[in-house]
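Chemist: One structure, pasted below without further comment.
None of the figures in this text is laboratory data; all of them are computed from the coordinates on show. Just so it is clear, the structure is predicted and the values come from calculations on it, not from any experiment. With ideal geometry, Cβ positions are generated from the backbone for all residues, glycine too; neighbour counts draw on all protein chains shown.
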Amino acid sequence: MPHCRIFFQQALTRQSSVSIPEDIAHYLRHVMRLHEGDFLTIFDGHGGEYQAQIEQLSKQHASCFTTSFDDVSRELPIPIHIIQCANKSEKIETVLQKGTELGAASFHIANSQRSVLKLSGVKLEKRLERWQRIIIEAAEQSERTAIPALYWHARLSDIPTFHQAYALHPHQSTPWKNLREHIQQAQSIAYAIGPEGGWSNDDLNVLHHKDWQSMTFGSRIMRTETAAPALLAATQALL
């Protein structure tokens, strides 16, 4: 039987009965083909994970009982935050999925001058819900013990200030290899990735005003959906 690992929105505790939401119960019954008495792994994103046994799994009611807790952490030694300019939605979905698998602590999707994705109102809410589901599914699959936070910023100037922050830019920038010592000593890191058309001068002025440092990463130009996973993988190897 394939291993089943599920994220629960509610806080979990040891030796307790947990109600299984309807959508998760449907997945357990019809996709994973689990039954009462079967075991699964569940987690709430606050660290560690629980082994649980299914008590009931009917259309009317579903629950499981947490039999044990493993205080394991599979997170990176420091939080790495990704600021991804709003591109075509499928490209953002790639960044969220692969970035979650590679250990990102948070994602900040931000409009920039050359962004091609414009969202607001109900359309924005539905898109954020979809993106959140992608993050959760990637965290379940990759056995993360935390769920990356997701933020939307209507303007690039609205992104938060980070202590050690780098904006990927191919021109007049510091090479990543020259920053490795600073990265190894950092308490946290933020990487900003531009839109498909690249950063505008106004975008760079906004970032530099917030003390972001321009950085190059190799001699080739990457697609916008490639950059964040590449940086996360390289930083993980370095740490």
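Chemist: So if each residue of separation counts as 0.36 nm, and I subtract the Cα-Cα distance between Ala237 and Ser58, what length gain in nm does that give?
Modeler: That pair, Ala237 and Ser58, stretches by 59.9 nm at full extension.
Chemist: Quick one: order Val18, Val31 by neighbouring beta-carbon count within 10 Å, fewest to most. Don't jump to the answer; show the numbers that get you there.
Modeler: Working: Val18 20, Val31 9.
The fewest-first ordering by Cβ neighbours comes to Val31, Val18.
Chemist: Could you work out the local net charge near Val116, counting Lys and Arg as +1, Asp and Glu as -1, over the other residues with Cβ closer than 10 Å to its Cβ? Don't skip to the answer; put the middle values down first.
Modeler: Working: positive: Lys88, Lys91, Arg114, Lys118; negative: Glu196.
Charge balance in the 10 Å sphere: +3.
Chemist: Determine the relative contact order of segment 80-238: mean sequence separation of Cα pairs under 8 Å and six or more apart, normalised by residue count, in whole percent.
Modeler: Numbers: 258 pairs, mean separation 53.2, N = 159.
Computed over segment 80-238, the figure is 33 percent.
Chemist: Could you work out which residue, out of Pro170, Pro77, Pro229, moves most in a Gaussian network model of the chain, that is, has the largest mean-square fluctuation with Cα springs under 10 Å?
Modeler: The residue that fluctuates most here is Pro77.
Chemist: What FRET efficiency, computed as 1/(1 + (r/R0)^6) with R0 = 22 Å and r the Cβ-Cβ distance, is obtained for His46 and Arg155, rounded to the nearest 0.05?
Modeler: Numbers: r = 32 Å, r/R0 = 1.43.
E(calc), rounded to 0.05, equals 0.10.
Chemist: Okay, moving on. Considering only Ile83, Ile92, Ile221, give the residue with the highest GNM mean-square fluctuation for the chain, with springs between Cα atoms whenever their separation is below 10 Å.
Modeler: Maximum fluctuation in the GNM of the chain, among the listed residues, is at Ile221.
Chemist: Mind jotting down the distance between the C-alpha centroids of segment 53-68 and segment 89-134, whole Å?
Modeler: 33
Chemist: Still on this structure: Could you list Trp199, Trp131 in order of exposure, starting from the residue whose Cβ has the fewest other Cβ atoms within 10 Å?
Modeler: Numbers: Trp199 25, Trp131 20.
Exposure proxy ranking, most exposed first: Trp131, Trp199.
Chemist: Also, quick follow-up: Give the Rg (one decimal place) followed by the Dmax (whole number) of segment 108-239, computed from C-alpha coordinates and expressed in Å.
Modeler: For segment 108-239, the Cα radius of gyration and maximum Cα-Cα distance read 15.4, 44 Å.
Chemist: Let me know the Rg and Dmax you get for the chain when you use only its Cα atoms, in Å.
Modeler: When restricted to the Cα atoms of the chain, Rg and Dmax are 20.0, 62 Å.
Chemist: Report the gain in length on full extension from Val31 to Thr226: 0.36 nm times residue separation, minus Cα-Cα distance, nm rounded to one decimal. Present the calculation step by step, with values, prior to reporting the outcome.
Modeler: On the way: separation 195, 0.36 × 195 = 70.20 nm, distance 3.11 nm.
The span from Val31 to Thr226 would gain 67.1 nm if fully extended.
Chemist: Which whole number in µm²/s is D for segment 5-70 by Stokes-Einstein, with the Kirkwood Rh taken over Cα pairs at 10 °C and 1.306 mPa s?
Modeler: Numbers: Rh = 11.6 Å.
D = 137 µm²/s.
Chemist: Distance cut-off 18 Å, Cα to Cα: go down the list Lys88/Lys126; Lys88/Lys210; Lys98/Lys126; Lys91/Lys118 and report the pairs above it. Provide the component values of the computation, followed by the final result.
Modeler: Details: Lys88/Lys126 15 Å; Lys88/Lys210 26 Å; Lys98/Lys126 21 Å; Lys91/Lys118 14 Å.
Beyond 18 Å: Lys88/Lys210; Lys98/Lys126.
Chemist: Turning to a different aspect of this structure: Let me spell out the model: positive unit charges on the Cβ of Lys and Arg, negative unit charges on the Cβ of Asp and Glu, origin at the Cα centre of the chain. What dipole size does that give, in debye rounded to 20? Please report the intermediate quantities before stating the final value.
Modeler: Values: 23 positive and 25 negative charges, 154 e Å.
So the dipole magnitude of the chain works out to roughly 740 debye.
Chemist: How big is the dipole moment of segment 163-216 about its Cα centre under a simple scheme where the beta carbon of each Lys and Arg is +1, that of each Asp and Glu is -1, and everything else is neutral? Debye, nearest 20, please.
Modeler: With Lys and Arg at +1 and Asp and Glu at -1, about 220 debye.
Chemist: I would also like to ask the following. For Met32, what charge total do you get from the other residues with a beta carbon under 14 Å from its beta carbon, if Lys and Arg give +1 and Asp and Glu give -1? Can you show the working numbers first?
Modeler: On the way: positive: Arg5, Arg29, Arg33; negative: Asp23, Glu36, Asp38, Glu137, Glu140.
Its environment carries a net charge of -2.
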